[in-house]
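Structure, as C-alpha cells:
The values are calculated or read from the model by the stated rules, or taken from the named source; none is laboratory data. As the structure is a prediction and not an experimental result, all values here were calculated from the model. As a convention, Cβ positions derive from the backbone with ideal geometry for all residues, glycine included, and neighbour counts pool all protein chains shown. Surface accessibility is based on the protein's heavy atoms, side chains included, excluding ligands, DNA and RNA. Shrake-Rupley method; radii C 1.70, N 1.55, O 1.52, S 1.80 Å.
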Amino acid sequence: MNTQTWINHFEVNTRLNDTMQFTDDPCTLPENVRLPIAASLATFQLGESGSGTRLRRYAREVAPLENFRGYQRAIDLFIVEEQSHSQLLARVVQRLGGTLLEKQWTNSVFRRLRFLVNLEFAIQVLLTAELIAEVYYGTLYLRCPDPAVHQLTQKILRDEMKHLAFQREFLSERLATFSPLGRWLWRCQFQLIHAITTTVVAWDHRHALRAMEVKPTDFRQRCLQAWERWQTKFEKAVTAQAAEPSLPATSQGKRMK
Ligand SMILES: [Fe+2]
Ligand SMILES: [Fe+2]
C-alpha cells in the first residue's frame, strides 16, 4: 500500500477544512426544510466526531507488515480529517438552527458494530458509512439550496471520495490473500451489511429526505448503485493485487497469517 501518498494527501487536505470560511449570506430555507436537514446533519456530525482510539489500536496490528509501513500514521491523519468534517458539520448545524447531539441510537449501534471483529471489519463498517455518506452529501449538494450547505457538502464529498479510495487500497491488499471462496463470502456479508445499513439510514433520515423531495426508496437505490460501483473497482483491484509477484518473505509470512 502506498501509505506515503495518503500521508501527504491528508496532511495538505485537512488543513483546507481547518481554514474553511462559510458564506455570510443568511439562510433562507423555510423552517420545514431547514429543521429536518439540521437534525439529519447533526446525526452525521456525531458520526464523524469519534476519537478513533480503537481504530488506531487495531491499525497497530498491521504496523509490522512491510506492505503497510506508514499505515498507522495514515490512519491517524484520516481520523483527524474525519474530525475536521465533524467541526464543519457542527458549524452548519448551528447555522441552520439545529441542536448538536451527544448520543444517537444509530450512531451507538454503528460504533459497537465497528469494533466487533478486527481491523478489516472496522474498515469495512466505516466504508459502509462512507458509501452511504457519498449519496447523502451528494443529495444535499443537489437538493438543498442553502449556500453554506452547498460549500460543506462539496468539500466533504471530495474528501469522502478520497476516503473510499483509501479504504479500497487497504482492503484490496488484505483481500488479495483470501481464497476465492473467502472473497465471495466477504462480498456477501459486505453487501448484506451495506443493504441493512442503507435501509436503517433511509428510515432514520426520512424527514430530511422528504424535505428535499427525495423518496427513501430512491435514496436506497442510489446507495445500492454506489455500492456496486465501488465493489466493481474493488474486485479489479483485488485481482490486480493477487496477480502481483510475492512480497518479501517476512511480510509474505505475516500476510498469510
Ligand atoms: Fe467524513
Ligand atoms: Fe470518511
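All conditions but one from (1) in contact with a helix residue (DSSP H, G or I) (Cβ under 7 Å, 6 or more places away or on another chain); (2) at pLDDT below 90; (3) under 26 Å from T217 (Cβ atoms) apply to W105; the one that does not is (1).
Checking each residue of the range 124-132 against the condition of being at pLDDT 95 or above, within 18 Å of L89 (Cα to Cα) and away from ligand 1 (no atom under 16 Å from the Cβ) gives no match.
Can you tell me which residue is most open to solvent (accessible area, probe 1.4 Å) among those in the range 81-98 that are touching a residue at least 40 places away in the same chain (Cβ under 8 Å) and more than 14 Å from ligand 1 (Cβ to nearest atom)? Top of the filtered list is R91. Candidates in the range 52-80 are the residues that are without any contact (Cβ under 8 Å) to a residue 24 or more places away in the chain and part of a loop (DSSP other than H, G, I, E, B); of these, the one that is least open to solvent (accessible area, probe 1.4 Å) is A63.
Suppose the filter is at pLDDT 95 or above and either more than 20 Å from the chain's Cα centre (by Cα) or open to solvent by 40 Å² or more (accessible area, probe 1.4 Å) (or both); does P30 pass it? Show your work before the answer.
Values: at pLDDT 95 or above: yes; either more than 20 Å from the chain's Cα centre (by Cα) or open to solvent by 40 Å² or more (accessible area, probe 1.4 Å) (or both): yes.
The answer is yes for P30.
Screening I156 with (1) at pLDDT 95 or above; (2) away from ligand 1 (no atom under 14 Å from the Cβ) gives one miss only, at (2).
Applying the set (1) open to solvent by 60 Å² or more (accessible area, probe 1.4 Å); (2) in a helix (DSSP H, G or I); (3) modelled with pLDDT of 90 or more to N17 leaves exactly one unmet item: (1).
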